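Shown next, in structure tokens, is the structure this report addresses.
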Amino acid sequence: MFSSFFETARNSPFRTPMSMARCDAAAPVVEPQPVEGRQIAAAATPVANQQDSCEFGSTKYFALCGIGGILSCGTTHTFVVPLDLVKCRLQVDQAKYKNLVHGFKVTVAEEGARGLAKGWFPTLLGYSAQGLCKFGLYELFKVKYAEIIGEENAYLYRTSLYLAASASAEFFADIVLAPFEAAKVKIQTIPGYANNFREAVPKMLKEEGVNAFYKGLVPLWMRQIPYTMMKFACFERTVELLYKYVVPKPRADCTKGEQLIVTFAAGYIAGVFCAVVSHPADVVVSKLNQAKGASAISVAKSLGFSGMWNGLTPRIIMIGTLTALQWFIYDGVKVALGIPRPPPPEMPASLKAKQH
């Protein structure tokens, strides 16, 4: 099955004009060649003369992309746990936690500085597993869907391709994330419920059974799937626009550091849109996991329209930072592991011929 993925990748309109991925040490390395008139590119540019560790579209390629996802998502979400904790408390108890700064003050006053780290372990486990599926499956679905719709359509409708591949990947990523997210929210928002993940899991099983871990799955899909679709599609398009209208020189002439700055900036811009699109569902998830026996519809009705925007400012800060860092780390891991980068879109020869 993966041989067909590789064949598609080899003939894909997303094939990079900058280099060819080769695993055979004896195979010649193709020198980078500029593409006349090209002003757009994907997230990262292949390093000149670098011998890739695997073939684009191979089983190893998808596995290594998954590792990149683990490192990018697991580390970044754990890093912002204090902000996430205060954000969740703002969402479920607006009377006690009036704003972001006040929320931090109240938390530290009641629980000390260590209280800000509550829920870090399920966050690390859950988002590492989610990152594995999110990035690994995104790369896989992107290749597979390009094969299904054909070379020309894959180029013409590449934004739709990004949207479909990312939505499919996130569907499965949320199934592995849901149990950890449910435990994390209970630890962070219910005073005295549990001090850590080890205490929370048996208590949740005893009180509500396995349903305790998956009752928030549907609203999690509602939050994460639009977020991920925006994260990938908006990021790709923002990178293209930055190189076309903002960066004063062609992408091929940019140093690796300059490219990473563009990657970070595009990631932050995409993250702001991600936060706004997915925020109402995020509030519902937090409230749903806090309240026993509640449903997503009942929670949404009780919150009202304005209530579903509680905690938006800290979430914009958190998600913007997260998204920027995730793309930055993901590209860095690809460099470190010698993974072929997502190649930039290029018009197929057949389409070029039709235009003449």
Query - Test for residue 213: is it more than 13 Å from the chain's Cα centre (by Cα) and either of a type in the set (A, V, I, L, M, F, W, C) or open to solvent by 40 Å² or more (accessible area, probe 1.4 Å) (or both) - result: yes
Report summary line: Expected single match for of a type outside the set (Asp, Glu), at pLDDT below 90 and open to solvent by less than 10 Å² (accessible area, probe 1.4 Å) among 92, 101, 80, 86 is 86
**Report entry** Condition met for residue 169 (closer than 14 Å to residue 220 by Cβ and assigned to a helix (DSSP H, G or I))
**Finding:** no
Requested in this report: Would you check which residues across segment 313-329 are open to solvent by 20 Å² or more (accessible area, probe 1.4 Å) and in contact with a Leu (Cβ under 9 Å, 6 or more places away or on another chain) and list them?
Outcome: 313, 317, 321, 328, 329
Query raised in the report: Is one or more of the residues making up segment 231-243 touching a Phe, Trp or Tyr at 6+ places or on another chain (Cβ under 9 Å), open to solvent by 70 Å² or more (accessible area, probe 1.4 Å), touching a residue at least 12 places away in the same chain (Cβ under 8 Å) and not polar (S, T, N, Q)?
Result: yes
Query - Every residue from segment 147-169 that is open to solvent by 10 Å² or more (accessible area, probe 1.4 Å) and touching a helix residue (DSSP H, G or I) at 6+ places or on another chain (Cβ under 6 Å) - result: 147, 152, 159, 163, 164, 167, 168
Query raised in the report: In segment 216-240, which residues are over 18 Å from the mean Cα position of the chain (by Cα) and at pLDDT below 85?
Result: 240
Query raised in the report: Residue check: is residue 300 at pLDDT 80 or above and over 22 Å from the mean Cα position of the chain (by Cα)?
Result: no
**Report entry** Tally of residues being in a helix (DSSP H, G or I) and within 29 Å of residue 137 (Cβ to Cβ) across segment 315-349
**Finding:** 23
Query raised in the report: Counting just the residues of segment 104-136 that are of a type in the set (A, V, I, L, M) and over 20 Å from the mean Cα position of the chain (by Cα), which one comes out surrounded by the most Cβ atoms within 10 Å (Cβ to Cβ)?
Result: 116
**Report entry** Condition met for residue 258 (closer than 30 Å to residue 298 by Cα, among the acidic types (Asp, Glu), out of contact with any Asp or Glu (no Cβ under 6 Å at 6 or more places or on another chain) and open to solvent by 20 Å² or more (accessible area, probe 1.4 Å))
**Finding:** no
Query - Test: residue in segment 241-259 that is at pLDDT 85 or above, of a type outside the set (A, V, I, L, M, F, W, C), over 20 Å from the mean Cα position of the chain (by Cα) and on the phi < 0 side of the Ramachandran plot - result: yes
Query raised in the report: Just wondering, is there one or more residues in segment 330-347 that are closer than 21 Å to residue 251 by Cβ, open to solvent by 50 Å² or more (accessible area, probe 1.4 Å) and under 18 Å from the mean Cα position of the chain (by Cα)?
Result: no
Requested in this report: From 227, 245, grab the single residue that is under 23 Å from residue 175 (Cα atoms) and hydroxyl-bearing (Ser, Thr, Tyr).
Outcome: 227
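The values are calculated or read from the model by the stated rules, or taken from the named source; none is laboratory data. Just so you know, these numbers come straight off a predicted model, no measurement behind them. Note that each Cβ is placed from the backbone with ideal geometry, even for glycine, and that neighbours are counted across all protein chains shown. Just the protein is used for accessible areas: all its heavy atoms, side chains included, with ligands, DNA and RNA removed. Shrake-Rupley method; radii C 1.70, N 1.55, O 1.52, S 1.80 Å.
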